[in-house]
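The values are calculated or read from the model by the stated rules, or taken from the named source; none is laboratory data. This structure is a prediction, so every number in the text was calculated from the model and none was measured. Here the Cβ positions follow ideal geometry from the backbone for every residue, glycine too, while neighbour counts run over all protein chains shown. These area figures cover heavy atoms from the full protein model, side chains too; ligands, DNA and RNA do not enter into them. Shrake-Rupley method; radii C 1.70, N 1.55, O 1.52, S 1.80 Å.
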Amino acid sequence: MGRKSNKEDKSIYQEYREKQDLTREKASELIGFISPAKLEKIENGKVSIQPDDVIALAKCYKAPELCNYYCSQECPIGQEYVPEVKVKDLAQIAIETLNSLNRMNREKDRLLEIVEDGQVTPDEYSDFFDIKKTLEKIALSVDTLQLWVDKSIADGHMESPD
């Protein structure tokens, strides 16, 4: 095994590799198409990581959250359109989901009133954007649950039905 880095400002990719107790050489061997030299450049920010590299690292490090990190933090399109999803425990995900669904249940009649005429008028903007925020919270809860499932499968705590 190689020596551990004592560098303080490590990239997320280096942190996750080290969490798996992998050297760059071993990670490279497991991945098969990223050399140790390229992995070092990725970890030190000397080259931009590519989506295929992120997917490979996420699989190798059993860290599907790396894909969301890349999309929400490094990809220019994703920075605009992909929310950051944090790993949470199942109980917290369930509570947040049910809370958002209950809120949406209270807001559904107002949404129907707003969209009935096929347009959103200025006097409806405030309510409409509040409803949009609730829907975004529901979508984030779904993404968080998906990440939890993917992480549980990667960690071997759950089997994929596929």
Q. Out of segment 35-76, which residues are part of a helix (DSSP H, G or I), open to solvent by 40 Å² or more (accessible area, probe 1.4 Å) and closer than 22 Å to LEU145 by Cα?
A. ILE55, LYS59, CYS67, TYR69, CYS71, GLN73
Q) Just one of the numbered conditions (1) part of a loop (DSSP other than H, G, I, E, B); (2) closer than 30 Å to SER48 by Cα; (3) among the β-branched types (Val, Ile, Thr); (4) open to solvent by less than 70 Å² (accessible area, probe 1.4 Å) is not true of VAL87; which one? A) (4)
(Q) Restricting to segment 92-138, and then to whatever is surrounded by 11 or more Cβ atoms within 10 Å (Cβ to Cβ) and among the small types (Gly, Ala, Ser), can you tell me which residue is nearest to VAL82 (Cα to Cα)? (A) SER100
**Q.** Pairs where the first residue, in segment 57-72, is in contact (Cβ under 8 Å) with a residue 60 or more places away in the chain and of a type in the set (Asp, Glu) and the second is outside any helix (DSSP H, G or I) and open to solvent by less than 30 Å² (accessible area, probe 1.4 Å), C-beta under 9 Å, 6+ apart
**A.** GLU65/VAL85
Q) What pairs can you find where one residue is in segment 22-38 and without any contact (Cβ under 8 Å) to a residue 60 or more places away in the chain, the other is open to solvent by 40 Å² or more (accessible area, probe 1.4 Å) and among the acidic types (Asp, Glu), and their Cβ atoms are less than 9 Å apart, with a gap of 6+ or different chains? A) ARG24/GLU40; PHE33/ASP52; PRO36/GLU25; PRO36/GLU29
Q: Within segment 101-132, track down each residue that is among the hydrophobic types (A, V, I, L, M, F, W, C), part of a helix (DSSP H, G or I) and free of Cβ contacts under 8 Å to residues at least 12 places away in the same chain.
A: LEU112, VAL115, PHE129
